[in-house]
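Heads up: the structure comes next, in structure tokens.
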Amino acid sequence: MIKHSIFNEDTQKAVASASAVFRSYPFFMNNYIWCRELLLKRKDPEEAAEAVALGIQHAKLLNLDAELLPVVYLDWMMPEVYEESQNQGIPERVFLESMKDIEIWIKVYRKYHEGKVGLDQIEWVFRSISGDVRRFGSLQFEEVTYEFPFLIFKNRQTGEYRALACPGLKVDQEGYFSGTNGRGIIRESETYLNVLDRSVTGFSPDLKQGVLNMENPVTLSLSDWELQLAPGEQAVAVHIPEGADLSPDSIDSALETAKDYYTGSLLVCDSWLLDPHLEAILPEKSRIISFMERFYKMPIKVERPQILERVMGFDCSMEKLEKYPCSTSLQITLKKYLLEGKEMFTTAGFLPWK
């Protein structure tokens, strides 16, 4: 049995109070059994989250504490989750680190719901429960299907990396995918990719700045350049939990520890933490800057920059920004930067690690 609760004292009290109530309804017991089947047996976090959503709807009809339901379900299944991780040879410290994400998102929920215990990032949390996402020190790792629209090549002699964009992608005047951040389009180009027996020609991103160069197509000789990763192939994604220690030593330790559990030579990531524009609002020796500089960077299309929700708040938007309160120096600097008409970008990247 797990020696320590994964929940803090306030969450434990809320769960203890609600657990008996939900157990008294046959509907919720059946709903839990189905959710457990989907999550722990079929390893399908998405379907399990949809099952819980039905339970939440029913709880609302009964005027129960609906958003606490997924937390109660997690508490019920935790002994089995722990036992499975032990059977898989996962060290207890890795299990406990991975489960920290649950309380992180409960804390976020409480912040925006007047201190009430609950959880709304259900599918994401279920990915940790199913074992899809594991935390090693400062970072989380997940086996994924690579979906960034870039082919990644490595020079056989020098070890240099280059990326080529997939064909048919619309790119704006500054090298970002059209529609990124909802920005206006002054001039638009389209990518192409010509693959021959001995070479491949296409458009390559500036891997330091994370923008596409549409002026000069690049030709790579396949005798010199080896394809490392293409869309649709398996890869390992890295995620950065809230409050993670981004010091170089901590990141090095996390990467080194996780190597034993995953295959593949490249990590992939998309985050506000990879945006080169962070150099404009953070000190040169910032831990965030140090982390960002580890990655080769590529553009990715998102409707609004992730930094708004992660630094300012999940209820913040560009429309609310001017009157949005700030409590940290980073929030103050970011707000000033954005209100001056400048932009931040969620950025994709890859990192060689083996």
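The values are calculated or read from the model by the stated rules, or taken from the named source; none is laboratory data. As the structure is a prediction and not an experimental result, all values here were calculated from the model. In this analysis, Cβ positions are derived from the backbone assuming ideal geometry, glycine residues included, and neighbour counts consider all displayed protein chains.
Among the residues of region 167-180, are any of a type in the set (S, T, N, Q), within 20 Å of the chain's Cα centre (by Cα) and either part of a strand (DSSP E or B) or surrounded by 15 or more Cβ atoms within 10 Å (Cβ to Cβ) (or both)?
Looking through region 167-180, at least one residue is of a type in the set (S, T, N, Q), within 20 Å of the chain's Cα centre (by Cα) and either part of a strand (DSSP E or B) or surrounded by 15 or more Cβ atoms within 10 Å (Cβ to Cβ) (or both).
Residues that are among the aliphatic types (A, V, I, L, M) and free of Cβ contacts under 8 Å to residues at least 60 places away in the same chain occur at least once in region 300-310.
So is L282 assigned to a helix (DSSP H, G or I) and of a type in the set (A, V, I, L, M, F, W, C) or not? No, not satisfied.
Evaluating L227 against the criteria (1) in contact (Cβ under 8 Å) with a residue 40 or more places away in the chain; (2) farther than 17 Å from I152 by Cβ leaves one unmet condition, (2). Within region 295-317, the residues that satisfy the criterion of being surrounded by fewer than 15 Cβ atoms within 10 Å (Cβ to Cβ) and either over 21 Å from C269 (Cα atoms) or of a type in the set (A, V, I, L, M, F, W, C) (or both) are F314, D315, S317.
For (1) modelled with pLDDT under 95; (2) within 30 Å of E143 (Cβ to Cβ), each residue gets a yes or a no:
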| site | (1), (2) |
| --- | --- |
| S5 | yes, yes |
| A18 | no, no |
| S24 | no, no |
| Q57 | no, no |
| P70 | no, yes |
| G89 | yes, yes |
| R93 | yes, yes |
| W105 | no, yes |
| V108 | no, yes |
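In region 213-232, the residue that is surrounded by the fewest Cβ atoms within 10 Å (Cβ to Cβ) out of those that are of a type in the set (S, T, N, Q) and farther than 26 Å from E174 by Cα is S223.
Look through region 318-354, keep the residues that are over 25 Å from I251 (Cβ atoms) and in contact (Cβ under 8 Å) with a residue 40 or more places away in the chain, and return whichever of them is surrounded by the fewest Cβ atoms within 10 Å (Cβ to Cβ). So the residue we want is K342.
To keep it simple, each residue is scored yes or no on (1) touching a helix residue (DSSP H, G or I) at 6+ places or on another chain (Cβ under 8 Å); (2) at pLDDT 95 or above; (3) surrounded by 15 or more Cβ atoms within 10 Å (Cβ to Cβ); (4) basic (K, R).
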{"site": "L207", "(1), (2), (3), (4)": "no, yes, yes, no"}
{"site": "V211", "(1), (2), (3), (4)": "no, yes, yes, no"}
{"site": "Q234", "(1), (2), (3), (4)": "no, yes, no, no"}
{"site": "A237", "(1), (2), (3), (4)": "no, yes, yes, no"}
{"site": "A254", "(1), (2), (3), (4)": "no, yes, yes, no"}
{"site": "C269", "(1), (2), (3), (4)": "no, yes, yes, no"}
{"site": "L273", "(1), (2), (3), (4)": "yes, yes, yes, no"}
{"site": "E293", "(1), (2), (3), (4)": "no, yes, no, no"}
